[in-house]
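S.K.: I am attaching a structure below and will ask some questions about it afterwards.
The values are calculated or read from the model by the stated rules, or taken from the named source; none is laboratory data. Being a predicted model, the structure only gives us computed values, none of them experimental. Don't worry about glycine lacking a Cβ; one is built from the backbone with ideal geometry, like all the others, and counts go over all protein chains shown.
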Amino acid sequence: MARFDLNLLAALNALLSDRNVTRAAERLNVTQPTMSGMLQRLRYQFNDQLLIRNGREMELTPFATSLVEPVRQALFGVEQLIHAEPVFDPTTSTREFTLMASDYCTSIFLSLVVKEISEAAPGVRLSILPINAPVKRMISGELDLCITADDLSLLGNDDGGDKLHSERLFSDEFVCVVANDHPATEQTSLDELLGYPHVSVQMIGTVNTIEIASLRQRLPMFKPNFTVPDFSMVASMVAGSKLVGVIQSRLAEVAARTLPVRTFPAPFDMATLHETMFWHSRHMHDPAHTWLRGKLRTVAETWSSGTPIRYASPASPNQEKSLKPNLQAVR
């Protein structure tokens with residue numbers, strides 16, 4: 001094999017990921033003819049077509065398929081080398097972290113973390129994404145850390161979870177939320193409750209919430225009448241209606257301050273929500289990543305100890321984006 005041109009590594013990764021010359025060119029911000037030329041050079045380099053046409057689509061050759069993970073790891077290793085810091089100084093660092101969390105975790109917990117980081121590390125940046133294929137993206141190196149329920153099976157495909165480390169941060173319980181004038185109460189049976197229209201959360205890239213998984217253990221065919229992408233939308237939906245929703249108690253407490261809603265215990269068993277941070281083993285000894293995990297742990301411990309903390313009200317997407325220039329919340 002001829003000596004490999006490392007300048008082609010990013011192009012190879014884009015082509016293997018997108019399986020499309022035009023999209024790969026857009027990813028790297030180059031022209032389509034330039035990317036086509038890079039593909040030709042890569043084909044010569046490996047003596048393999050890499051991408052072949054199948055109808056209107058392009059598909060990877062068997063050899064190209066075998067390159068997907070090694071190329072991702074190689075590119076990630078180069079990026080880690082470029083940004084390596086033998087000692088992490090939060091007061092001067094400009095490191096950017098990409099996190100994934102639900103809107104519930106972002107508004108109730110990460111808003112507190114952001115305040116801590118903005119004071120201790122003014123140059124550090126956080127990009128917070130909604131839950132979507134976190135295991136795959138942690139393995140590929142796209143994601144530094146994910147905070148979600150400790151049951152990865154709720155996310156669907158958890159292949160590769162054995163490469164992840166985890167640590168529980170805090171817990172919460174689910175409660176029913178209804179309008180103040182709704183006839184349902186804590187004495188209402190499950191059958192009676194299901195007689196009312198139900199609104200539930202369906203996040204992109206997940207299979208079930210704890211609520212839906214619990215209900216389907218009893219009623220396998222259960223389907224909510226309405227679904228929304230965020231937990232913070234449920235209280236707004238039930239206010240002034242006959243809808244019934246189920247959300248986390250801390251979020252319900254915040255919602256009840258501004259909306260005409262009330263809560264009561266659900267008439268069926270649901271697992272406790274244990275919000276847990278997950279990260280790939282490659283970050284285990286990274287000083288910057290260790291510092292970030294420490295910040296998350298400290299805020300969670302303060303919260304759990306009963307020290308009063310002012311909760312942030314659930315923010316709209318536009319509000320979240322304007323919290324601070326160093327914080328980017330993508331919805």
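S.K.: Could you say which residue among Asp151, Asp144 is touching a strand residue (DSSP E or B) at 6+ places or on another chain (Cβ under 7 Å) and either over 22 Å from Ala252 (Cα atoms) or outside the structural domain of Leu251 (by TED's automatic domain parsing) (or both)? Let's see the steps before the verdict.
M.R.: Working: Asp151 fails: touching a strand residue (DSSP E or B) at 6+ places or on another chain (Cβ under 7 Å).
So the residue among Asp151, Asp144 that is touching a strand residue (DSSP E or B) at 6+ places or on another chain (Cβ under 7 Å) and either over 22 Å from Ala252 (Cα atoms) or outside the structural domain of Leu251 (by TED's automatic domain parsing) (or both) is Asp144.
S.K.: Return only the number of the condition from (1) within 23 Å of His165 (Cα to Cα); (2) at pLDDT below 95; (3) within 22 Å of the chain's Cα centre (by Cα) that Pro287 does not satisfy.
M.R.: (3)
S.K.: Sticking with this one: Using the structure shown, decide if Glu211 is closer than 15 Å to Met270 by Cα, out of contact with any helix residue (DSSP H, G or I) (no Cβ under 9 Å at 6 or more places or on another chain), charged (D, E, K, R) and outside the structural domain of Lys295 (by TED's automatic domain parsing).
M.R.: Yes; evaluated as a whole, the condition is true for this residue.
S.K.: Let me ask you something else. When residues of segment 89-137 are filtered for being within 23 Å of Arg282 (Cα to Cα) and among the aromatic types (Phe, Trp, Tyr), how many remain?
M.R.: Summing the residues that are within 23 Å of Arg282 (Cα to Cα) and among the aromatic types (Phe, Trp, Tyr) in segment 89-137 gives 1.
S.K.: In segment 166-175, is there at least one residue being among the aliphatic types (A, V, I, L, M) and touching a residue at least 40 places away in the same chain (Cβ under 8 Å)?
M.R.: yes
S.K.: Follow-up. Identify, from the list Ala252, Ala288, Ala271, Ala239, the residue that is within 30 Å of Thr92 (Cβ to Cβ) and small (Gly, Ala, Ser).
M.R.: Unique residue meeting the criteria: Ala288.
S.K.: Of the conditions (1) modelled with pLDDT of 90 or more; (2) assigned by TED's automatic domain parsing to the domain that holds Thr290, Thr91 satisfies every one except a single condition; which number is it?
M.R.: (2)
S.K.: Within segment 67-87, restricting attention to residues that are modelled with pLDDT of 80 or more and out of contact with any Leu (no Cβ under 9 Å at 6 or more places or on another chain), which residue is surrounded by the most Cβ atoms within 10 Å (Cβ to Cβ)?
M.R.: Checked segment 67-87; the qualifying residue surrounded by the most Cβ atoms within 10 Å (Cβ to Cβ) is Glu69.
S.K.: Go through segment 19-76 and give me each residue that's among the small types (Gly, Ala, Ser), over 21 Å from Gly141 (Cβ atoms) and out of contact with any helix residue (DSSP H, G or I) (no Cβ under 9 Å at 6 or more places or on another chain).
M.R.: Gly37, Gly55
S.K.: Here's something else I'd like to know. Select from segment 18-59 the residues that are outside any helix (DSSP H, G or I), out of contact with any strand residue (DSSP E or B) (no Cβ under 6 Å at 6 or more places or on another chain) and closer than 21 Å to Phe4 by Cα and list them in ascending order.
M.R.: Val30, Asn47, Asp48, Gln49, Leu50, listed by residue number.
S.K.: Counting only residues that are touching a Gly at 6+ places or on another chain (Cβ under 9 Å), give me the helices (runs of 4 or more DSSP H) lying completely in segment 60-151 with at least 2 of them.
M.R.: 62-82, 134-140
S.K.: Do we have Phe231 as in the same structural domain as Leu145 (by TED's automatic domain parsing) and crowded, with 18+ Cβ neighbours inside 10 Å here?
M.R.: no
S.K.: Which of the residues spanning segment 168-192 are closer than 30 Å to Phe278 by Cβ and in a strand (DSSP E or B)?
M.R.: Arg168, Leu169, Phe170, Ser171, Asp172, Phe174, Val175, Cys176, Val177
S.K.: Then there's this: Please find, among Ser140, Ser200, Ser127, Ser107, the residue that is of a type in the set (Ser, Thr, Tyr), buried (at least 19 other Cβ atoms within 10 Å of the Cβ) and closer than 26 Å to Val71 by Cα.
M.R.: Ser140
S.K.: Collect the residues in segment 5-16 that are surrounded by fewer than 16 Cβ atoms within 10 Å (Cβ to Cβ) and closer than 20 Å to Gly141 by Cβ, keeping them in residue-number order.
M.R.: Across segment 5-16, the qualifying residues are Leu6, Asn7, Leu8, Leu9.
S.K.: Filter segment 239-291 down to the residues that are within 22 Å of Gln217 (Cβ to Cβ) and free of Cβ contacts under 8 Å to residues at least 60 places away in the same chain and list them by number.
M.R.: Asp269
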